[in-house]
Every structure is written in C-alpha cells, then in structure tokens.
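What follows is calculated from the coordinates using simple rules that are stated; it is not laboratory data. Quick caveat, the model's predicted, so the values are computed rather than measured. Don't worry about glycine lacking a Cβ; one is built from the backbone with ideal geometry, like all the others, and counts go over all protein chains shown.
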Amino acid sequence: MRYRTICGLAVASAAALAALRLWQYLWIIDVSTGFYASFSATIPILYGLLAAVFIVTFTVSFLDKSFFEETPALPHRGRALGFFLLLAGAVNLFSSAFGTPDAFLNASQEPKDMIAIILGLIASAVLLYLGVRAVSGHSLTGSSKFLPLLPAAWATIRLLNAFMHNATVLPISENLLTLLSLIAMTVYFLYFAFAVSGNEGKFSRRCFFISGIMGFVLITANALGMLTAAAANAFYALEPYWFITRIADLTVAAVMLCTALNTAFARKPVHTPNAEIAQ
C-alpha cells in the first residue's frame, strides 16, 4: 500500500468518525455529564475503526524496508508545511491569549491551567518562528535543538490536565476520545522535535509518521464532531473560548497531515548525467 493511500484513508476515516461522533452527541451522549446515556453500535464501530487505521498505518510503515531511507521526515523546502505552521501558530496564539485574562484574573483558576496557557503562548510563538523559516525557504532540520521541545511540553501539560480532569469517568465517558487526541498530539510533537533538531532515526521517523496520521484522525474527528454538534445545538450555552480552542486543534491536525503527506509524496533524488559529471 502506498503512503498516499494511507493519507487518503486517514482523511476518509476522519470524516466517517466525525459523522459518528456527531450522531453520538445528538443521540446517546448526555452532554451535561459526558457519559453515554445508552449503548449504541456506533461506540465499538468508532473505536474499531480507529484501531484499524492504527494497525494498517503501523504495519505498512514497519514492513516496508525502504520507508524514509532516502528522504528526511521534514522537507528541506517546505513552504506548504510553513503555511500550516504559521496558521497553527497564529490561531493557537490567539486561543492562548484569549484565555489569558480568565486564567490570571479568576481567583479560583488552578495553577496547572495557568501553566498550560503560558506554555501555549510560547509554543505558538515557536510554531510561528518555524513557519516563517519554512516559508522563507530555509530548512527546518537542524534549525534548533531545544525550541521544538516547547510545543511538546505544551501538549504534555494539556494531556496531564485532561487526564486529571477526566480519569474518574474514562471507562464509559465520551472524554476518552479527547484524551486519545491529546496523547497523539504529545507523541507527535515529541517526534517533531526530534525531526527539527536533526536527531531522528529510522524508528523515530516511523513513529513521527504514525503519530501524524493518528493525530490527524483523532483530533479532526473529536474537534469537528464537537463543533458540528454545537452548531446543531446539542450542547448548552458555550463560551467563545470553547470554540476557539477546538478550531485551534484543527489547525494542529492540518500540520500533522501535511508532514504525513510529505512522507507520502516524497521522491528519491534524481541523478542526472550532468550532475554525475560535475561530481
């Protein structure tokens, strides 16, 4: 199976999962508690489809011995990736800045939430910096050793906060998909940091690709399903920050798919006779 086929499978799976998610929010999820109000066949179908996407992506990337042997995980001139990095950085910067006043003016706000917002501001600035480099034609690989770790730290804090908030209802709660999305985002940004710093190996390249595919599928299905359900009035009154955060997550999913597509459409360098004579 070609890697572009896997990326197409990811897009189709994300669309199908978002539709399933919307149906669950409208009919079987009690949005006031986050619990499933009743059993539905869509529950095993949803997680079964996620498992199938993971198994296919994992199997193909590890069985193909030529995977990433000729090309790096990040393109040397990635203007498309740079555009999506700029988009993700700008939207997430706005999202973090929008939540900053409540974090510091609300006396009941917990320190862990403040840390997440501060790291969100810093991580967004890093994504903007990397996006500017990519759009201007500079290579991302080797551009920095430590800056790419900041988005990974931000994703980790978000994951820990969500886990502490949702751990008591994990077995039957709709919040499980949110946690899986944040896990994929954390793993992705960790291997993204490896790729940017130039410390990637064959194993990390494969994990980078797998986490990119799974992160795109999970985040798109979760965020798009919730936004569509909100548009259909499935929830009670929501703060604007709720919408902004999920839109910001969708921009991160776009970055994940873009890096996966770079893998899918990568080409081996072409050796021309003139190039060989010059050597």
> If you take the beta carbon distance between Phe62 and Ser40 as r and set R0 to 30 Å, what does 1/(1 + (r/R0)^6) give as a FRET efficiency, to the nearest 0.05?
Replying inline: 0.35
> Residues with amide H under 5 Å of Ile29's amide H, sequence separation 5 or more or different chain, H placed in the peptide plane at 1.01 Å from N; which?
Replying inline: Ala37
> By per-residue mean of other Cβ atoms within 10 Å, what is the highest-first order of 223-229, 202-208?
Replying inline: 223-229, 202-208
> Could you give me the ³J(HN,Hα) list for segment 244-249, computed from phi with Karplus coefficients 6.51, -1.76, 1.60 and θ = phi - 60°, whole Hz, x at Gly and Pro?
Replying inline: 4, 4, 6, 5, 4, 5
> Can you work out ³J(HN,Hα) from phi for every residue in segment 206-222, in order, using Karplus 6.51 cos²θ - 1.76 cosθ + 1.60 and θ = phi - 60°, giving whole Hz and x for Gly and Pro?
Replying inline: 5, 5, 4, 5, 5, 5, x, 5, 5, x, 4, 5, 5, 5, 4, 4, 5
>> Using amide H atoms built in the peptide plane, which far-off residues or other-chain residues are under 5 Å from Ser40 H to H?
In response: none
